[in-house]
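Please read the structure below before turning to the comments.
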Amino acid sequence: MKSDIKAIGDRLTKVEGRLPNFDVSGDLNTVVLGGYSSGHTNGITVDGRPTGVGRGNPPGFVGVNRDLTFLHEGAFTIVSHNEDPNAIKFHATGVAGNMLGGTLGSTGSFGGGFPGAGVPNGNSSFSGAFGNQSDVFPGSSFNEGSESFYFQDFNVQFNTSIAGLKFNAQVGRVGYKVSPYLFQREDTTPYFANDRWDNGEWNFDGAILGFNFGRAKLDVFGGRASSFVDNQGNLVQPMYTGRDVIGYTPGDPDRPRGHFGGFGDTGLDFQVDQLLGAKLGLPLGSTGALNLAYIWLDSNSVLNTGTSSAPALANGTAVYGGDVKFNFGGIAVSGSYSKSDLRYDGHSVNTHDDSMWTVGASYARDRWGLAGGYKRIDPLFSAPGDWGRIGIWWNPTDLKGFHANAWFDLTKSLRLSASGEWYTGTDTTIFGTTGLSNDDKLNRWVVGLEYKLATSYNLALGYEEVDWDLSNRAGFTGGKPRERWYNVGFGFDLGNRAKLSVLWQISDYDGKGVFGFDPFSGGSNANSTGTRATGGLITTQLSIKF
């Protein structure tokens with residue numbers, strides 16, 4: 001028996017010696033987007049894009065047969081599987097497909113939702129695929145992008161030491177995130193699910209160094225963000241920061257949409273070119289944790305936030321703060337605080353009205369759970385984070401209020417969930433302009449029902465409503481605009497490595513004739529009768545992993 005075991009061991013050693021010291025895996029995805037209009041208006045998606053936009057001139061309001069978009073993407077990953085802790089390891093993911101980029105119309109601009117960028121059923125706004133992995137493009141119809149190729153990551157990993165201090169390193173194109181209010185990429189593709197697009201990591205060309213001091217962990221990271229492009233020159237993950245004006249005031253001819261505020265607000269003004277940061281993780285007893293971070297975000301562009309006679313230059317931000325979590329006998333409590341100070345060549349330009357803070361608690365049992373909290377986000381807060389959306393407004397600012405959610409398993413295969421958010425403005429005045437006030441209200445409701453029909457397939461029903469209340473706004477003839485979406489989703493597992501998903505979303509946007517609440521564009525159209533958007537979107541995604 002010993003002789004046989006030794007022989008088998010020798011054979012395995014020889015076989016392992018012949019195998020390459022890396023693994024290859026990947027995924028293939030196809031996405032079909034079919035939009036339609038209803039009642040002679042375009043529908044609207046939760047990222048503010050019109051549906052039922054026919055191709056050609058004039059496109060008109062059409063059904064699914066004339067608003068079809070076919071997208072595809074494939075990726076391969078090569079990973080070293082050398083188990084020697086002292087060995088140099090590598091990780092690379094190459095991606096090819098037509099999900100990036102798009103086409104400009106005659107007078108449009110990239111991301112047609114900017115003020116005055118044109119109407120969705122015209123021929124003047126951007127149309128394209130998902131654009132990139134960190135932006136949304138309100139007002140822009142769906143279309144196929146050009147075929148392109150890029151490396152999502154491309155790095156080597158190793159352990160080493162300097163002057164007796166041990167640390168691990170990743171060098172090359174790396175990915176990193178800290179927390180939603182400090183440094184985390186948004187999931188900006190609500191109609192496409194993919195770990196590579198949705199993992200929250202910002203990818204950049206640089207390095208991550210990790211140091212362990214007992215139970216404490218220090219990460220130092222930095223590099224270039226704007227060098228992450230595909231072979232067509234499209235930025236794959238453009239990062240923006242830096243805000244110096246009130247984003248939106250009721251009465252502006254364009255309401256907030258996407259990452260941008262009202263009329264005249266260009267949103268986050270700096271494209272981040274270089275970054276350097278540090279994150280310190282500290283355990284607090286056996287049930288708590290504290291994370292602290294400080295990140296410098298620098299741009300090659302310079303913004304003048306002052307006047308010609310009194311210039312106030314800025315070319316980046318310093319984002320810093322932390323979050324803490326504790327668990328007390330099943331009750332989890334948490335809190336976060338973050339700031340994003342404007343800077344110019346290392347000196348602070350503005351440190352006011354640019355912070356956020358939130359507190360929350362949650363409790364869960366086997367069949368149900370509850371969570372809630374309070375948050376305040378100042379109008380100039382501009383960390384490259386991911387703190388959610390309210391309807392078609394992503395990463396909203398100038399708000400304060402409560403939020404709560406609950407879930408309950410009605411049976412082993414049926415779950416009901418619901419959430420609510422209740423906000424008012426912060427009533428902040430900057431340069432003589434007051435944004436959302438204490439009298440302005442903005443609420444969001446989401447209800448979902450998930451039913452696992454069998455082991456391999458499930459059904460999901462959903463409803464989302466966003467209610468604005470600007471009726472008490474002084475000096476402005478306001479009203480109560482409303483946004484609604486109805487969802488029917490179906491998922492089917494085609495095996496261990498393949499999944500088919502189908503979503504039918506019905507949209508009903510009603511600006512109630514309120515000035516500036518045209519669903520797609522501002523400017524001359526803002527006070528027209530075009531404050532309705534009714535239609536829908538049918539999406540299908542087939543994902544295969546290998």
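Note on the stretch 138-182: residues that are under 27 Å from ILE392 (Cβ atoms) and of a type in the set (A, V, I, L, M, F, W, C) amount to 3. Checked against (1) touching a residue at least 60 places away in the same chain (Cβ under 8 Å); (2) open to solvent by less than 20 Å² (accessible area, probe 1.4 Å); (3) assigned to a loop (DSSP other than H, G, I, E, B), PRO180 passes all but condition (2).
A quick yes/no check of all residues on (1) over 30 Å from ASP427 (Cα atoms); (2) open to solvent by 20 Å² or more (accessible area, probe 1.4 Å); (3) β-branched (Val, Ile, Thr); (4) part of a loop (DSSP other than H, G, I, E, B):
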| site | (1), (2), (3), (4) |
| --- | --- |
| LEU282 | yes, yes, no, no |
| GLY322 | no, no, no, no |
| ASN327 | yes, yes, no, no |
| SER336 | no, yes, no, no |
| ALA371 | no, yes, no, no |
| PRO379 | no, no, no, yes |
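Output yes when any residue across the stretch 164-175 is at pLDDT below 95, hydrophobic (A, V, I, L, M, F, W, C) and loosely packed, with under 15 Cβ neighbours inside 10 Å, and no when none is. Yes, the stretch 164-175 contains a residue that is at pLDDT below 95, hydrophobic (A, V, I, L, M, F, W, C) and loosely packed, with under 15 Cβ neighbours inside 10 Å. Considering the stretch 284-319, the residues that are of a type outside the set (A, V, I, L, M), in contact with a Leu (Cβ under 6 Å, 6 or more places away or on another chain) and open to solvent by less than 60 Å² (accessible area, probe 1.4 Å) include one that is modelled with the highest pLDDT, namely THR317.
Restricted to strands (runs of 3 or more DSSP E) entirely inside the stretch 398-476, those with at least 1 residues that are more than 28 Å from TYR486 (Cβ to Cβ), under 22 Å from the mean Cα position of the chain (by Cα) and touching a residue at least 24 places away in the same chain (Cβ under 8 Å) are 399-411. Of everything listed in (1) part of a strand (DSSP E or B); (2) free of Cβ contacts under 8 Å to residues at least 24 places away in the same chain, the single unmet condition for GLY222 is (2).
Scanning the stretch 439-468 for residues that are of a type in the set (D, E, K, R) and open to solvent by less than 30 Å² (accessible area, probe 1.4 Å) yields a total of 3.
How about the stretch 351-369: which of its residues are within 30 Å of ASN203 (Cα to Cα) and in a strand (DSSP E or B)? Listed by number, the residues that qualify are SER355, MET356, TRP357, THR358, VAL359, GLY360.
The values are calculated or read from the model by the stated rules, or taken from the named source; none is laboratory data. As the structure is a computational prediction, the values presented were derived from the model and not from experiment. Every residue, glycine among them, receives a Cβ derived from its backbone with ideal geometry; neighbour counts consider all protein chains shown. Heads up: the accessible areas ignore ligands, DNA and RNA and are worked out on the full protein's heavy atoms, side chains in. Shrake-Rupley method; radii C 1.70, N 1.55, O 1.52, S 1.80 Å.
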